[in-house]
Amino acid sequence: YIKTAHEIKGEMEAIEEELKEAAKKRDRLILLKNIIDRADRRLKEEHQPDVLNRAGEYLAIITGGKYSRIFISEENDGTVAILQRDNPYPIEVGETISRGTQEQIYLALRLAMMDHLDGEHPMPGFLDEVFINWDGMRIQNGLELVKKISEKRQIFIFTCHSWLVDLLSDNLHAQVVVMGEIDYNW
């Protein structure tokens, strides 16, 4: 079957129309990417330094000064790193950092974000199984930090571990609300 010039011209017009639509879609995506990049850059410039400074202070309290700063790398796709006492080089947070320390970094960042976002009325903090993988010294430091933070915001701590319920009751004079059965065999 041989196409006529009229059929070929029609196909060419259809392809040109598809190209115009693809160019419109491409231009919209480029514009959207630029808007998102600008908003991301603005967010990092205006908010990230305060949050990271506060988080570093919280991490220093929790770790007894072993780690004192938190960084988010722009070059390595947003990788989180921490600064260890007596080490001038940041340590990338990953498999070499214990799970407990990773959880402490996460808590420090969450608390710092809450502080940064607080308006006239501080928002409550909700912590779930937050002290489970922490060692004794850091649990005590964390409890002192929670006690200090609870002076300005309400803190809810959820756990299914009886030892943690006892620890919280003894150290924070926490009000315990049992939502199910507590297994004292942990």
*Please state which of the following conditions residue 75 fails to meet, knowing it meets all the rest: (1) within 27 Å of residue 46 (Cβ to Cβ); (2) open to solvent by 70 Å² or more (accessible area, probe 1.4 Å); (3) in contact with a helix residue (DSSP H, G or I) (Cβ under 7 Å, 6 or more places away or on another chain).*
(3)
_Count - residues of segment 150-186 that are open to solvent by less than 50 Å² (accessible area, probe 1.4 Å) and either touching a helix residue (DSSP H, G or I) at 6+ places or on another chain (Cβ under 8 Å) or touching a residue at least 24 places away in the same chain (Cβ under 8 Å) (or both)_ = 12
*Do any residues in segment 9-32 that are without any contact (Cβ under 8 Å) to a residue 24 or more places away in the chain and assigned to a helix (DSSP H, G or I) have Cβ atoms under 8 Å from those of residues that are open to solvent by 90 Å² or more (accessible area, probe 1.4 Å) and not hydrophobic (A, V, I, L, M, F, W, C), where the two are at least six apart or on different chains, and which pairs are they?*
11/3
*Would you check if residue 45 is touching a Ser or Thr at 6+ places or on another chain (Cβ under 9 Å) and part of a helix (DSSP H, G or I)?*
no
*asked:* Checking the structure you have, find out if any residue of segment 56-70 is open to solvent by 50 Å² or more (accessible area, probe 1.4 Å) and more than 22 Å from residue 131 (Cα to Cα).
replied: no
*Of the criteria (1) surrounded by 12 or more Cβ atoms within 10 Å (Cβ to Cβ); (2) out of contact with any helix residue (DSSP H, G or I) (no Cβ under 7 Å at 6 or more places or on another chain), which one residue 147 fails*: (2)
*Is it the case that residue 51 is closer than 24 Å to residue 157 by Cα, open to solvent by less than 80 Å² (accessible area, probe 1.4 Å) and outside any helix (DSSP H, G or I)?*
no
_Please determine whether any residue of segment 78-101 is exposed (fewer than 13 other Cβ atoms within 10 Å of the Cβ), farther than 26 Å from residue 117 by Cβ and touching a residue at least 24 places away in the same chain (Cβ under 8 Å)._
yes
_Could you check segment 119-144 and list, in sequence order, the residues that are in contact with a helix residue (DSSP H, G or I) (Cβ under 7 Å, 6 or more places away or on another chain), exposed (fewer than 14 other Cβ atoms within 10 Å of the Cβ) and touching a residue at least 40 places away in the same chain (Cβ under 8 Å)?_
none
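The values are calculated or read from the model by the stated rules, or taken from the named source; none is laboratory data. Note that the structure is a prediction, hence the values are computed from the model and not measured. As a convention, Cβ positions derive from the backbone with ideal geometry for all residues, glycine included, and neighbour counts pool all protein chains shown. SASA here: full protein model, heavy atoms, side chains in, ligands and nucleic acids out. Shrake-Rupley method; radii C 1.70, N 1.55, O 1.52, S 1.80 Å.
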